[in-house]
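K.L.:
Just dropping this structure here.
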Amino acid sequence: MASTHQDNVVFEVNAIGWAPSGTGTALSLHHEDPARLPTAAEDGLCQVITPGALKPRVTYRVAGWISVASGEIAEEDGNQQRGHPILVSIRVDDGSCVVDGAAVCAQPGRWAEIKGAFRLRENPRNTAVHVHGPPAGVDVKVMDLRIIATDRKARFRHLKDKTDKVRKRDVVLKLGGAPGASVRVVQLDNGFPLGSCINGEVIQNPAFVDFFTNHLDWAVFENELKWYWTEAQRGQLNYADADRLLDFCDRTGKPARGHYIFWAVHGDVQQWIKDIGGDRDQLMAAVQQLIRGLLGRYAGRFPHYDVNNEMLHGRFFRDRLGDDVAALMFREAAQLDPGAALFVNDYNVECGNDPNATPDKYIDLIRGLQRGGAQVGGIGLQGHVTNPVGEVICDALDKLSATDLPVWITELDVGEPDEALRADDLEVVLREAYAHPAVQGVVLWGFMQGHMWRQDAALVNADGTVNDAGQRFIELRREWTSDARGRLDGDGHFKFRGFHGTYVAQVTTAAGKMLKAFTVDKGDAPLVLDMMDI
């Protein structure tokens with residue numbers, strides 16, 4: 001587990017206020033009467049926090065261990081692990097407000113590490129930690145539960161060396177010419193793409209287009225490629241809107257992710273699909289027709305596809321066509337567009353607040369798809385986050401990296417009404433992503449006020465002015481761009497350490513100027529380039 005300064009811990013589990021059971025430092029409560037409405041303390045474990053210990057506007061991290069020791073095993077869907085969802089919440093002012101803190105799916109007989117985060121809006125009169133979630137008859141045990149005030153700047157200092165190792169490389173340019181000649185190296189593009197979703201409306205907005213073209217590298221269509229958009233009524237196809245967005249991407253030189261082919265959540269499936277859902281043959285025919293139609297039309301145009309969106313939260317097609325249909329979707333897509341990376345894509349995996357979307361469950365889903373022959377090419381973390389904590393995000397990324405699959409944050413928006421806090425929160429997510437070797441890109445789920453799913457996540461105001469969060473985004477892009485100056489050494493070489501990406505070198509001698517373009521790729525050994533051969 002990540003180390004934490006002890007003076008940041010504002011709450012630690014102790015025997016006072018809990019219903020103790022067992023031995024050692026584990027504390028538990030056993031409740032058995034579901035017919036009677038329980039009090040807070042009876043519906044799980046509850047302990048009062050020292051008044052005044054929690055402050056508003058401070059982000060707190062929850063860390064500890066949870067176990068369930070008895071009761072029947074809860075059933076879970078598909079290949080996912082069985083267990084009981086356990087939540088840690090903060091009860092504010094005698095329970096008038098409950099703030100989610102952390103969640104985990106605990107298997108009987110095993111200790112599960114729980115991590116999460118929360119932030120209070122106002123100064124509370126009193127607060128309590130509440131551990132709850134399992135049904136009656138299940139014994140919950142808690143060990144080493146802590147609430148820790150995060151130190152964002154200390155975390156960023158910790159990430160500095162990690163970022164340097166993951167995203168930069170030593171470069172030796174063999175330029176020839178006279179020793180002492182002036183050299184200027186300018187980075188043109190970063191090898192770590194940052195993008196945004198677009199739609200048919202925003203590409204008509206000059207302020208949106210200006211920010212997008214100047215500060216972002218990739219696109220994803222907000223709705224225009226979704227099945228409920230391309231075939232809202234059975235047999236009435238609409239690809240014109242997606243075609244217009246692709247034309248825009250071509251004109252601006254931005255690759256676009258394919259979001260999505262299918263959506264697994266029942267509530268997001270169009271009505272005509274639901275109407276035929278009881279007829280297995282008709283539904284399978286519609287599935288096959290969409291795959292052939294969509295990928296046959298756009299083969300080679302989308303570097304990525306989200307194949308069956310949000311399978312941790314929905315089972316529409318698997319419930320009606322069997323669990324094997326999920327892998328079939330991947331197999332068929334791979335045949336029709338072998339050059340595209342095929343992604344799973346889901347939300348809350350990086351937050352630690354959703355027992356249905358833990359990193360372990362995501363890995364189980366991926367392994368099950370792979371056993372079915374699916375060529376899973378990437379992991380999508382949607383990233384619709386609130387009060388993010390770096391250690392929690394990093395823990396999820398570390399676990400997912402065991403799959404050896406690239407990770408993208410595919411739909412990032414950071415919800416926070418206070419623009420200064422929003423800027424801080426955005427920086428937390430971006431720095432964690434940029435410092436982690438498994439992450440290969442980040443795509444924002446919009447950035448302009450009035451044109452976003454979450455209105456408290458904007459980087460650009462409705463009038464086109466860039467707010468605090470947008471300025472922080474620009475500053476990070478600038479920080480992650482190399483610009484080196486100096487002179488050739490006695491061997492005619494110029495050495496620097498730069499971020500991965502494309503560059504141009506300008507060498508100035510008495511005879512004039514010479515420009516050379518080159519690319520710095522990932523690698524541990526120094527990159528030695530003989531520029532006279534380029």
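K.L.:
Among residues belonging to region 247-276 that are in a helix (DSSP H, G or I), in contact with a helix residue (DSSP H, G or I) (Cβ under 9 Å, 6 or more places away or on another chain) and over 28 Å from VAL325 (Cβ atoms), point out the one that is most open to solvent (accessible area, probe 1.4 Å).
P.N.:
THR252
K.L.:
Restricting the search to region 417-434, which residues are surrounded by 22 or more Cβ atoms within 10 Å (Cβ to Cβ) and farther than 15 Å from ARG477 by Cβ?
P.N.:
Hits for region 417-434 are ARG422, ASP425, VAL428, GLU432.
K.L.:
I've got another one for you. Can you tell me how many residues in region 384-412 are of a type in the set (A, V, I, L, M, F, W, C) and either open to solvent by 30 Å² or more (accessible area, probe 1.4 Å) or in a helix (DSSP H, G or I) (or both)?
P.N.:
Residues of region 384-412 that are of a type in the set (A, V, I, L, M, F, W, C), as a first pass: 385, 389, 392-394, 396-397, 400, 402, 405, 407-409, 412.
Adding the requirement that they be either open to solvent by 30 Å² or more (accessible area, probe 1.4 Å) or in a helix (DSSP H, G or I) (or both) leaves 392-394, 396-397, 400, 402.
Total satisfying the criteria: 7.
K.L.:
If you go through region 446-458 one residue at a time, do you hit one that is open to solvent by 50 Å² or more (accessible area, probe 1.4 Å) and closer than 29 Å to ASP164 by Cβ?
P.N.:
no
K.L.:
Does VAL183 count as surrounded by 18 or more Cβ atoms within 10 Å (Cβ to Cβ) and either charged (D, E, K, R) or in a strand (DSSP E or B) (or both)?
P.N.:
yes
Here's the yes/no breakdown for (1) without any contact (Cβ under 8 Å) to a residue 60 or more places away in the chain; (2) farther than 29 Å from THR386 by Cβ; (3) hydrophobic (A, V, I, L, M, F, W, C):
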site: LEU294; (1), (2), (3): no, yes, yes
site: PRO303; (1), (2), (3): yes, yes, no
site: PHE330; (1), (2), (3): yes, yes, yes
site: PRO338; (1), (2), (3): yes, yes, no
site: ALA341; (1), (2), (3): no, no, yes
site: ASP346; (1), (2), (3): yes, no, no
site: PRO359; (1), (2), (3): yes, no, no
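K.L.:
Ok, one more. Looking at VAL349, VAL344 in this structure, which one is open to solvent by less than 10 Å² (accessible area, probe 1.4 Å), in a loop (DSSP other than H, G, I, E, B) and among the hydrophobic types (A, V, I, L, M, F, W, C)?
P.N.:
Values: VAL344 fails: in a loop (DSSP other than H, G, I, E, B).
Of the residues listed, the single one that is open to solvent by less than 10 Å² (accessible area, probe 1.4 Å), in a loop (DSSP other than H, G, I, E, B) and among the hydrophobic types (A, V, I, L, M, F, W, C) is VAL349.
K.L.:
Test GLN370 against the criterion of being in a helix (DSSP H, G or I) and surrounded by fewer than 23 Cβ atoms within 10 Å (Cβ to Cβ), and give yes or no.
P.N.:
Considered against the rule, which asks whether it is in a helix (DSSP H, G or I) and surrounded by fewer than 23 Cβ atoms within 10 Å (Cβ to Cβ), GLN370 comes out as yes.
K.L.:
Assuming LEU159 fulfils every condition listed in (1) in a helix (DSSP H, G or I); (2) surrounded by 14 or more Cβ atoms within 10 Å (Cβ to Cβ); (3) hydrophobic (A, V, I, L, M, F, W, C); (4) more than 21 Å from the chain's Cα centre (by Cα) apart from one, which condition is it?
P.N.:
Every condition holds for LEU159 apart from (4).
The values are calculated or read from the model by the stated rules, or taken from the named source; none is laboratory data. Note that the structure is a prediction, hence the values are computed from the model and not measured. We place every Cβ from the backbone using ideal geometry, glycine too, and count neighbours over all the protein chains shown. Areas reflect the complete protein model, heavy atoms only, side chains present, ligands, DNA and RNA absent. Shrake-Rupley method; radii C 1.70, N 1.55, O 1.52, S 1.80 Å.
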